[in-house]
């Protein structure tokens with residue numbers, strides 16, 4: 001069984017701006033970090049982040065044929081929604097971290113089709129009332145090494161295994177349209193696909209008190225003939241006390257997963273998620 005994973009990223013204006021902010025933070029922060037001492041403001045053993053994420057998804061799902069592309073917004077009525085994103089960081093030595101990130105995407109929509117679509121060998125005629133479910137959950141264990149760690153923050157390099165648990169299904173109950181009777185039909189496909197990514201991560205405290213800081217990351221991987229994958233999260237944080245801070249920023253990522261070419265359950269999801277996020281960070 002041949003498993004093919006395709007990834008594409010189309011840089012929008014907001015994406016380019018976000019990547020520029022992350023790169024600028026890394027370039028500015030690195031020389032400043034050298035001028036510190038051993039009294040680190042960013043000192044912890046265990047850290048956990050919980051964010052509210054207002055996602056604006058776009059993209060398409062693809063069935064057993066490459067021509068079966070269905071836009072999740074215009075065809076199926078998916079739109080912005082609230083979800084959460086979580087991150088756990090265990091700094092088990094001064095510069096070594098084990099990390100785990102999770103970001104769920106699960107939505108359902110009922111809509112009248114504006115055009116005839118084909119998915120998993122089933123034809124859904126324009127005007128039919130359909131129900132669509134889309135799941136593309138992300139689970140990402142990882143490792144990070146801090147190249148520079150000083151009083152005012154750190155600059156590190158991380159690797160993650162982004163594992164996407166993906167499933168897309170479309171169904172229509174038996175119904176009559178324009179005098180014609182249509183039987184109940186459904187199509188579904190799923191896949192779990194691991195994708196290795198790597199990139200820089202930083203945190204820079206903007207003042208000696210440690211009250212205000214910026215942080216960000218850029219993770220990606222070039223997959224030769226299959227394209228590439230890129231994601232980034234950048235935020236501004238305010239430290240309330242030694243154990244608690246408030247964070248707010250913006251996140252963006254793209255993903256496309258396609259299963260084996262010989263299976264009738266082939267499914268592809270080209271999903272771009274972007275939007276503001278805000279939450280709490282707890283450190284011990």
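Here, each number is a calculation from the coordinates, and none is a lab measurement. The structure displayed is predicted, hence computed values, not measured ones. Cβ: placed from backbone, ideal geometry, glycine included. Neighbour counts: every protein chain shown.
With a 10 Å Cβ neighbour count serving as the proxy for reagent exposure, in which order, fewest first, do 236, 271 appear? Provide the component values of the computation, followed by the final result.
Details: 236 15, 271 24.
Lowest to highest Cβ neighbour count: 236, 271.
Apply 1/(1 + (r/R0)^6) to the Cβ-Cβ distance of residue 284 and residue 110, taking R0 = 30 Å, and write down the FRET efficiency to the nearest 0.05.
After rounding, the FRET efficiency stands at 0.10.
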